[in-house]
1. Any residue at all in segment 313-334 that's outside any helix (DSSP H, G or I), crowded, with 24+ Cβ neighbours inside 10 Å and over 14 Å from the mean Cα position of the chain (by Cα)?
2. What are the residues in segment 221-242 that are more than 15 Å from the ligand (Cβ to nearest atom) and over 22 Å from Ile300 (Cα atoms), if any?
3. Does Thr307 count as surrounded by 24 or more Cβ atoms within 10 Å (Cβ to Cβ), touching a helix residue (DSSP H, G or I) at 6+ places or on another chain (Cβ under 7 Å) and part of a helix (DSSP H, G or I)?
4. Condition first: touching an Asp or Glu at 6+ places or on another chain (Cβ under 8 Å) and within 20 Å of Phe346 (Cβ to Cβ). Can you find one or more residues in segment 72-93 that meet it?
5. Given the criterion more than 21 Å from Thr343 (Cβ to Cβ) and at pLDDT below 95, identify the matching residue among Leu155, Leu117, Leu161.
6. Considering every residue within segment 243-252, establish whether at least one is touching a residue at least 40 places away in the same chain (Cβ under 8 Å) and within 12 Å of the ligand (Cβ to nearest atom).
7. Does any residue in segment 71-87 that is touching a residue at least 60 places away in the same chain (Cβ under 8 Å) come within less than 7 Å, Cβ to Cβ, of a residue that is crowded, with 19+ Cβ neighbours inside 10 Å and of a type in the set (D, E, K, R) six or more places away or on a different chain, and which pairs are these?
8. Of all residues in segment 261-280, how many are within 7 Å of the ligand (Cβ to nearest atom), in a loop (DSSP other than H, G, I, E, B), farther than 21 Å from Ala192 by Cβ and not charged (D, E, K, R)?
Amino acid sequence: MIIITKGVAQLTEIKKGLQDVIALETRISCIDGEKGILKYRNFDINELVNLSYDSVSYLLLNGDIPNNTELDDFSSKLKNEREINENLIQTIKTCNFNIEAMDALRTAVSHMSHCDLDLNDISHDANIRKAIKLIARFPTIVASFSRIKTGYNPLSPDYNLSHGANFLYMLSGEKPDELEAKVMEKDLILTAEHELNASTFSSRVTASTLSDLHSAIISGLDTLKGPLHGGARMAVMNMLDEVSSSNDAEQYVMDLIQNNQKIMGFGHRVYKTYDPRSNIYKDLAKKLAENKGDSTLYNIAERIEDTVIQELVEKQNKPIYPNADFYSGVIYKYLGLHPKLATSVFAIGRVSGWIAHCLEQYSDNRLIRPRARSI
Ligand SMILES: CC(C)(COP(=O)(O)OP(=O)(O)OC[C@H]1O[C@@H](n2cnc3c(N)ncnc32)[C@H](O)[C@@H]1OP(=O)(O)O)[C@@H](O)C(=O)NCCC(=O)NCCS
């Protein structure tokens, strides 16, 4: 925090990790961490989750829910940009296949930027053209990487499917059933935006230098990858693999607590109560478990949650509730996604939020440049 006194910058209290620091104003979303409320553009997440991803993406970029004509126009633009060309597929093929899909996605966005005629044009119109391509192609890139990695040819998108359903189709070659399609779409909506989280802040910092949109998105991708942020979903999936039954879950959590280790998918910098997305995810995980006729995984997850609440919330009075990454990790396992895809699936949803924030940053820019106290 800086106070300017007669032209002399004085550094005052330092908030480690910028906790609770208000760095800027935004119209894109708001969080009430005490009450567990999340709104995108003033619409509650519990309402938005019933729309399509295309509608929510339009809302984030344009500020309002689209009418039917606006939605048809926006959706068809996205669908027309889903396909990726052979050059990009060749670039994906050069990736080392032991990496996470996230790393391939970053390489692919960099490749896309080289081929974009608008690359260094940061006008609103050019940014919207780039936004459509980025949002539309993220699922195709991730699915293509996954298929090539597992020895299959990439598939062309199916224009009759929603954003989420088409992603699942491009991964496996099979159209998802109604519930799976619905769950994937809702996951992308729940992931699309979350105020000034670390990756969004990174994207805005890059945009504030008047660097181009692709560069800002790559900053977001790089920041999302860490296990304290989007990488937590992969960590949750790996954790679920380590617990073989709900009976083992309690001891597993107790061991982590005794060893002062964090339980992945729990805790949040802003929410001091249940993350509102977590409740929706939990409900979806239960429905998937019932639909598949196998609740083993769901029961393990619920036992992990119960133990964390009992040990950390009730006994130690710490606000460590499941965050959005916990039950989404459960859902990804029911959908058959590989853990190394998890963070990139997060990015498929979040790219709309990053872009909305970059547009807001470009529209009223001031270089983001805080100070550090020399010691
Ligand atoms: C999200 C997160 C990074 C927020 O971190 P933060 O605001 O910096 O909070 P801290 O890491 O300082 O944790 C504060 C306290 O809660 C504890 N805590 C926080 N998250 C915890 C978790 N998941 N499991 C166990 N304890 C946890 C810390 O050990 C610390 O305890 P202490 O005060 O006794 O030292 C943190 O909760 C975390 O690492 N969670 C696991 C990773 C995760 O799920 N990330 C996705 C976030 S959406």
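The values are calculated or read from the model by the stated rules, or taken from the named source; none is laboratory data. Just so it is clear, the structure is predicted and the values come from calculations on it, not from any experiment. Don't worry about glycine lacking a Cβ; one is built from the backbone with ideal geometry, like all the others, and counts go over all protein chains shown.
1. yes
2. Pass one, segment 221-242, residues more than 15 Å from the ligand (Cβ to nearest atom): 221-222, 241-242.
Within segment 221-242, Leu221, Asp222 meet the criteria.
3. Values: surrounded by 24 or more Cβ atoms within 10 Å (Cβ to Cβ): no; touching a helix residue (DSSP H, G or I) at 6+ places or on another chain (Cβ under 7 Å): yes; part of a helix (DSSP H, G or I): yes.
When the stated conditions are applied, Thr307 does not pass them.
4. Looking only at segment 72-93, we keep the residues that are touching an Asp or Glu at 6+ places or on another chain (Cβ under 8 Å), and these are 74-75, 78.
Still in the list and also within 20 Å of Phe346 (Cβ to Cβ): 78.
Among the residues of segment 72-93, at least one is touching an Asp or Glu at 6+ places or on another chain (Cβ under 8 Å) and within 20 Å of Phe346 (Cβ to Cβ), which makes the answer yes.
5. Values: Leu155 fails: at pLDDT below 95; Leu161 fails: at pLDDT below 95.
The conditions single out Leu117.
6. No; the residues of segment 243-252 include none that is touching a residue at least 40 places away in the same chain (Cβ under 8 Å) and within 12 Å of the ligand (Cβ to nearest atom).
7. Matching pairs, first to second residue: Leu78/Asp54; Arg82/Arg137; Ile84/Arg137.
8. Taking segment 261-280 and keeping what is within 7 Å of the ligand (Cβ to nearest atom), we get 262-269.
Retained after the next criterion (residues that are in a loop (DSSP other than H, G, I, E, B)): 262-265, 267-269.
Adding the requirement that they be farther than 21 Å from Ala192 by Cβ leaves 262-264, 267.
Now narrow it down to the ones that are not charged (D, E, K, R): 263-264, 267.
Number of matching residues: 3.
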